[in-house]
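Trainee: Could you have a look at this structure, given as structure tokens, before my questions?
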Amino acid sequence: MQYATITGWGKCVPPATLTNHDLSTFIETSDEWIKSRTGISQRHISHVNTSELASVAAQHALAAAGIEGSDLDMIILATASPDTLIPNIASTVQANVGATCAAFDINAACSGFLYGVGLASSQIKSGQCKKVLVIGAERLSFYLDWSRRDTAVLFGDGAGAVVLEATDQEIGVLGYELNNDPAGRDILKAGFGTAMDRFSTESLEFYIEFNGQEIFKRAIAGMGKLSNKVLDKCEISKDDVDWVIPHQANERIIDTLISRMKIPKEKAIVNIANYGNTSAATIPIAICDALEQGKIKAGQTILSCAFGAGLTSAAALIKWGDRVTPINTSDAQLPPCDQTGVELVSKAVKHFCG
């Protein structure tokens, strides 16, 4: 039986940051208010399109795996904030990395990366593919109404990617679960799409909006249910899980989820303080950080879970392979940015905040 194991990983976060103090200069908030409610200290603001973030992360992942873009059988790009709806931006990444394979975007919001991992695993297990690149990339600052404190403090931009390859060893993606709760589809949304009146200037006032209390409740329930389901399916006890890598939406959500699952908090990888919620990019960025910090060891068992608009939810159980260091490195990087985070959002702030 074929398994899909992670052989390469890479991330890309834009250089400009927007700190909690920066936000307090144009929103009625404070560093203490934001940190105590979300765990976030700063977020990155992109000066380039989502596809550029994705392409740099992809190039690092390919180098870490020791392969070229031409070796890929498929590219799956998870995003809710693509440069263009037509064509998909996986095709842009494909061109940038020199791949000649299937390439497509998926939108499962914050669960998108794990949806992509599940799809890639199935393609590999079926024998259809040998090497699949899965990317989570977002430029969520595009959607923000900076006058709305509940969303303005949460989101950031960035990208992360992994290469999954076929192996005969029982490692990699041991199992995954995907779900959607359509009853909650209206509690987290942004009114951008063909339902807009393209001839009305009011239609340009789209932004992310959500019901925080409902999301908190449904997120914990959705991630907890699927996490337990995938553990049962793989016949692995939660006590045998070495690391939990959850979607980085809110540190309170992570703490509550871990507590209810009765998993020690020290087993949770949490990096939301540095990035905010980068949606589909949070989990691959967290994987990269955990590897850079030497936390993930060969043969360890990792449980990852996420939730997002839809309301989507996902969980995957991964047994890490033998290698925790990259085979090669890439010098891929974003073009220089000569603006601060405050300067990058100033036009939008002026529009929404007056």
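The values are calculated or read from the model by the stated rules, or taken from the named source; none is laboratory data. None of the values given here were measured: they were computed from a predicted structure. Glycine also receives a Cβ, built like all others from the backbone with ideal geometry; neighbour counts cover every protein chain displayed. Note: areas computed on protein heavy atoms with side chains; ligands, DNA, RNA excluded. Shrake-Rupley method; radii C 1.70, N 1.55, O 1.52, S 1.80 Å.
Trainee: Quick one: how many residues across segment 21-42 are open to solvent by 40 Å² or more (accessible area, probe 1.4 Å), assigned to a helix (DSSP H, G or I) and touching a helix residue (DSSP H, G or I) at 6+ places or on another chain (Cβ under 6 Å)?
Mentor: So the count comes out to 2.
Trainee: Within segment 169-186, track down each residue that is open to solvent by 30 Å² or more (accessible area, probe 1.4 Å), part of a loop (DSSP other than H, G, I, E, B), of a type outside the set (S, T, N, Q) and touching a strand residue (DSSP E or B) at 6+ places or on another chain (Cβ under 9 Å).
Mentor: Pass one, segment 169-186, residues open to solvent by 30 Å² or more (accessible area, probe 1.4 Å): 169-170, 174, 176, 178-183, 185-186.
Now narrow it down to the ones that are part of a loop (DSSP other than H, G, I, E, B): 169-170, 181, 185-186.
Going one step further and asking which of them are of a type outside the set (S, T, N, Q), we end up with 170, 181, 185-186.
Those that are open to solvent by 30 Å² or more (accessible area, probe 1.4 Å), part of a loop (DSSP other than H, G, I, E, B), of a type outside the set (S, T, N, Q) and touching a strand residue (DSSP E or B) at 6+ places or on another chain (Cβ under 9 Å): 170, 181.
Trainee: Which of the residues that make up segment 127-144 are farther than 19 Å from residue 245 by Cα and either without any contact (Cβ under 8 Å) to a residue 24 or more places away in the chain or not in a loop (DSSP other than H, G, I, E, B) (or both)? Please lay out each step first, then the result.
Mentor: To start, the set of residues in segment 127-144 that are farther than 19 Å from residue 245 by Cα comprises 127-133, 139-144.
Scanning segment 127-144 gives 131, 132, 133, 139, 140, 141, 142, 143.
Trainee: Taking the conditions exactly as written (on the phi < 0 side of the Ramachandran plot, in contact with a Ser or Thr (Cβ under 8 Å, 6 or more places away or on another chain), open to solvent by 10 Å² or more (accessible area, probe 1.4 Å) and modelled with pLDDT of 95 or more), does residue 115 satisfy them or not? Even if it seems obvious, please write down each step before you answer.
Mentor: On the way: on the phi < 0 side of the Ramachandran plot: yes; in contact with a Ser or Thr (Cβ under 8 Å, 6 or more places away or on another chain): yes; open to solvent by 10 Å² or more (accessible area, probe 1.4 Å): yes; modelled with pLDDT of 95 or more: yes.
Against the criterion (on the phi < 0 side of the Ramachandran plot, in contact with a Ser or Thr (Cβ under 8 Å, 6 or more places away or on another chain), open to solvent by 10 Å² or more (accessible area, probe 1.4 Å) and modelled with pLDDT of 95 or more), residue 115 qualifies.
Trainee: Next up: Identify the single condition in (1) at pLDDT below 95; (2) open to solvent by 10 Å² or more (accessible area, probe 1.4 Å) that residue 141 does not satisfy, given that it satisfies every other one.
Mentor: Just one mismatch for residue 141, condition (1).
Trainee: While we're here: Does segment 153-171 include one or more residues that are touching a Lys or Arg at 6+ places or on another chain (Cβ under 6 Å) and among the β-branched types (Val, Ile, Thr)? Even if it seems obvious, please write down each step before you answer.
Mentor: Quick first cut of segment 153-171, residues touching a Lys or Arg at 6+ places or on another chain (Cβ under 6 Å) only: 156-157, 160, 165-166, 171.
Checking the rest, the ones that are also among the β-branched types (Val, Ile, Thr) come to 171.
Yes, there is a match, as at least one residue in segment 153-171 is touching a Lys or Arg at 6+ places or on another chain (Cβ under 6 Å) and among the β-branched types (Val, Ile, Thr).
Trainee: Continuing with this model, one more query. Scanning for something open to solvent by less than 10 Å² (accessible area, probe 1.4 Å) and polar (S, T, N, Q), does segment 288-307 turn up at least one residue?
Mentor: yes
Rundown of residues vs (1) at pLDDT 95 or above; (2) more than 25 Å from residue 255 (Cα to Cα); (3) open to solvent by 10 Å² or more (accessible area, probe 1.4 Å), yes/no style:
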| site | (1), (2), (3) |
| --- | --- |
| 19 | yes, no, yes |
| 44 | yes, no, yes |
| 49 | yes, yes, yes |
| 58 | yes, yes, no |
| 63 | yes, yes, yes |
| 70 | yes, yes, yes |
| 77 | yes, yes, no |
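Trainee: Scan segment 145-165 for residues that are surrounded by fewer than 24 Cβ atoms within 10 Å (Cβ to Cβ) and part of a helix (DSSP H, G or I) and report the count.
Mentor: Within segment 145-165, residues that are surrounded by fewer than 24 Cβ atoms within 10 Å (Cβ to Cβ) and part of a helix (DSSP H, G or I) number 3.
Trainee: Among the residues of segment 66-91, write down those that are out of contact with any Asp or Glu (no Cβ under 7 Å at 6 or more places or on another chain) and either farther than 27 Å from residue 325 by Cα or of a type in the set (A, V, I, L, M) (or both). Quick ask: steps written out before the conclusion?
Mentor: Quick first cut of segment 66-91, residues out of contact with any Asp or Glu (no Cβ under 7 Å at 6 or more places or on another chain) only: 66-76, 78, 83-87, 91.
Once the filter is applied, which keeps residues that are out of contact with any Asp or Glu (no Cβ under 7 Å at 6 or more places or on another chain) and either farther than 27 Å from residue 325 by Cα or of a type in the set (A, V, I, L, M) (or both), segment 66-91 yields 67, 72, 74, 75, 76, 78, 83, 84, 85, 86, 87, 91.
Trainee: Let me ask something else about it. Here are some conditions: (1) farther than 24 Å from residue 55 by Cα; (2) touching a His at 6+ places or on another chain (Cβ under 8 Å); (3) open to solvent by 10 Å² or more (accessible area, probe 1.4 Å). Residue 330 meets all but one. Which one does it not meet?
Mentor: (1)
Trainee: So which pairs qualify, if the first residue must be in segment 323-349 and farther than 21 Å from residue 6 by Cα, the second must be assigned to a loop (DSSP other than H, G, I, E, B) and of a type in the set (Phe, Trp, Tyr), the Cβ gap must be under 7 Å, and the two must be at least 6 apart or on different chains?
Mentor: 345/146; 348/146; 349/26; 349/146
Trainee: I'm trying to understand the selection: among the residues of segment 84-98, which are of a type in the set (Gly, Ala, Ser) and open to solvent by 10 Å² or more (accessible area, probe 1.4 Å)? Write out each step before concluding.
Mentor: Going residue by residue through segment 84-98, those that are of a type in the set (Gly, Ala, Ser) are 90-91, 95, 98.
Passing the criteria: 91, 95, 98.
Trainee: Can you say whether residue 81 is surrounded by 19 or more Cβ atoms within 10 Å (Cβ to Cβ), in contact with a Lys or Arg (Cβ under 6 Å, 6 or more places away or on another chain), touching a residue at least 24 places away in the same chain (Cβ under 8 Å) and hydroxyl-bearing (Ser, Thr, Tyr), as far as the supplied structure shows?
Mentor: Numbers: surrounded by 19 or more Cβ atoms within 10 Å (Cβ to Cβ): yes; in contact with a Lys or Arg (Cβ under 6 Å, 6 or more places away or on another chain): yes; touching a residue at least 24 places away in the same chain (Cβ under 8 Å): yes; hydroxyl-bearing (Ser, Thr, Tyr): yes.
Considered against the rule, which asks whether it is surrounded by 19 or more Cβ atoms within 10 Å (Cβ to Cβ), in contact with a Lys or Arg (Cβ under 6 Å, 6 or more places away or on another chain), touching a residue at least 24 places away in the same chain (Cβ under 8 Å) and hydroxyl-bearing (Ser, Thr, Tyr), residue 81 comes out as yes.
Trainee: So which residues in segment 99-112 are open to solvent by 40 Å² or more (accessible area, probe 1.4 Å) and hydroxyl-bearing (Ser, Thr, Tyr), if there are any at all?
Mentor: The one that is open to solvent by 40 Å² or more (accessible area, probe 1.4 Å) and hydroxyl-bearing (Ser, Thr, Tyr): 100.
Trainee: Between 231, 204, which is in contact (Cβ under 8 Å) with a residue 40 or more places away in the chain and either surrounded by 15 or more Cβ atoms within 10 Å (Cβ to Cβ) or not charged (D, E, K, R) (or both)? First the steps, then the outcome.
Mentor: Details: 204 fails: in contact (Cβ under 8 Å) with a residue 40 or more places away in the chain.
Within the list 231, 204, the selection yields 231.
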